[in-house]
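Peer 1: I have a structure I would like to understand better, so I am pasting it below and will then ask my questions one at a time.
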Amino acid sequence: MKSLIKKAEESHFLSKPEIIRLLEDNSINDELFRAADRVRKKFVGDEIHLRALIEFSNICSRNCFYCGVRAENKNIKRYRLMPDEIIQLAKNALNSGYKTIVLQSAEDMYYTAEMLADIIKEIKKNDTAVTLSIGERSYQEYKILKDAGADRFLLRIETTDKELYRKLHPNMSFENRIRCLKDLKELGYETGTGCLVGLPDQTINSLADDILFFKELDADMVGLGPLIPHKDTPLKDVKADGFWLSLKVLALTRLLLPDINIPATTAMETIQSNGRILALQSGANVVMPNVTDEFHRSQYEIYPGKKSVDYTKLEEKFKQINRTISQNKGFR
Ligand code: 5AD
């Protein structure tokens, strides 16, 4: 096991059976996390990149089985921010020193590519990177958004197990999701993907495939975290025990894709106290504080208990683990 970790640390390559062995053996977890931390330090350094997250709409046309904002959930208040409100939130974040604005929403076709392009152009008048996380669109729409100045795009594959993907995503297609990711890469976006860990019927085998998929796509960013069951979804009774396995998938992702950006996701912090710091010490180098106003943030309930980041305490916490906050845009 130790020689496998050494191999990953030195060559950034593992076969699928090797990944499976490391995922299955929990006696080597600390060694794995430490190796990922060394690779993180060597390739992307001690700077943590902060990305300001704006959740601008929770009105969704999809029905993903795990997600609290799924269309069929009638128990949440829906909202849509108008372009001027989105731009104002972005400006506030830039004034606080953020160098990346992440515009995230449910899959809401109210926002045409042209509308979003105008918002992006306005934000890009400032010295900032813009990341989009708005779900599946056509090549043409992705192109309009790229031409408007968007730099990055996040679209998790969620799982590479096609059968599981089909069960969890009614009226969606795995092939189209792959198409989206390929289009984004081709258009020159820094492209982020990732997966959920702890889905019902998800296997170690398929998590190994997920990691290899990140490498094959040459993902520029990988965001992942444990499933946190939401009471108003079909997965409400699933156990929320994916933290340590998520951390292992994260560490292996860092070993195999040494120079990419990997966030310590909010789901990690929500399910485990100190989870964000543990992720930052096991390969992660990005944190995405939510800058949506309190009122709308509480309605963007993908999963319950969503933890927020106390910005004032961040720098101090990072300092305690010998890390600093980056002053640049933090491209790959
Ligand atoms: N628990 C954890 N993560 C979730 N996501 C959606 N629903 C949940 C949940 N219940 C993740 C998905 C999506 C991202 C924005 O949030 O992976 O891509």
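The values are calculated or read from the model by the stated rules, or taken from the named source; none is laboratory data. From a predicted model like this one, the values you see are computed outputs, not experimental measurements. For neighbour counting, all protein chains shown are included, and Cβ atoms are generated from backbone atoms with ideal geometry for every residue, glycine included.
Peer 1: Just to check your reading of the model, which residue among Leu50, Leu4 is crowded, with 16+ Cβ neighbours inside 10 Å and either acidic (Asp, Glu) or over 22 Å from Gly330 (Cα atoms) (or both)?
Peer 2: After ruling out the rest, the residue left standing is Leu4.
Per-residue answers, yes or no, for (1) among the hydroxyl-bearing types (Ser, Thr, Tyr); (2) touching a residue at least 40 places away in the same chain (Cβ under 8 Å); (3) more than 26 Å from Lys329 (Cβ to Cβ); (4) touching a helix residue (DSSP H, G or I) at 6+ places or on another chain (Cβ under 7 Å):
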site	(1), (2), (3), (4)
Thr253	yes, yes, no, yes
Leu256	no, yes, no, yes
Asp259	no, yes, no, yes
Pro263	no, yes, no, no
Asn274	no, no, yes, no
Thr292	yes, yes, no, yes
Tyr300	yes, yes, no, no
Tyr311	yes, yes, no, no
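Peer 1: Moving to a separate point now. Take the residues in segment 303-328 that are among the hydrophobic types (A, V, I, L, M, F, W, C) and at pLDDT below 95, then tell me which one is farthest from the ligand (Cβ to nearest atom).
Peer 2: In this case the residue turns out to be Leu314.
Peer 1: Moving on. Given the criteria touching a strand residue (DSSP E or B) at 6+ places or on another chain (Cβ under 6 Å) and at negative phi, does Tyr139 qualify?
Peer 2: No, not satisfied.
Peer 1: So the check is Cβ under 8 Å with 6+ separation or different chains; which pairs have a first residue in segment 319-330 that's closer than 14 Å to Val287 by Cβ and a second one that's in a loop (DSSP other than H, G, I, E, B) and polar (S, T, N, Q)?
Peer 2: Ile321/Gln281
One line per residue, one yes/no per condition, for (1) within 30 Å of Phe43 (Cα to Cα); (2) over 16 Å from the mean Cα position of the chain (by Cα):
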| position | (1), (2) |
| --- | --- |
| Ile157 | yes, no |
| His169 | no, yes |
| Phe174 | no, yes |
| Leu181 | yes, no |
| Gly192 | yes, no |
| Ser206 | yes, yes |
| Ala219 | yes, no |
| Gly225 | yes, no |
| Pro234 | no, yes |
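Peer 1: So which pairs qualify, if the first residue must be in segment 30-43 and on the phi < 0 side of the Ramachandran plot, the second must be surrounded by fewer than 17 Cβ atoms within 10 Å (Cβ to Cβ) and assigned to a helix (DSSP H, G or I), the Cβ gap must be under 9 Å, and the two must be at least 6 apart or on different chains?
Peer 2: Here the result reads Glu31/Lys2; Ala35/Lys6, each pair linking segment 30-43 to a residue that is surrounded by fewer than 17 Cβ atoms within 10 Å (Cβ to Cβ) and assigned to a helix (DSSP H, G or I).
Peer 1: Let me ask something else. If Asn92 satisfies all but one of (1) more than 21 Å from Lys248 (Cα to Cα); (2) of a type outside the set (Gly, Ala, Ser); (3) crowded, with 16+ Cβ neighbours inside 10 Å, what's the number of the condition it fails?
Peer 2: That leaves (3) as the condition not met.
Peer 1: OK, next. Against the definition (outside any loop (DSSP other than H, G, I, E, B), more than 26 Å from Phe33 (Cβ to Cβ) and away from the ligand (no atom under 12 Å from the Cβ)), how does Lys248 come out, yes or no?
Peer 2: no
Peer 1: Sort out which residues of segment 284-327 are within 16 Å of the chain's Cα centre (by Cα) and of a type in the set (Gly, Ala, Ser), and write them in order of number.
Peer 2: Answer for segment 284-327, where residues must be within 16 Å of the chain's Cα centre (by Cα) and of a type in the set (Gly, Ala, Ser): Ala284, Ser308.
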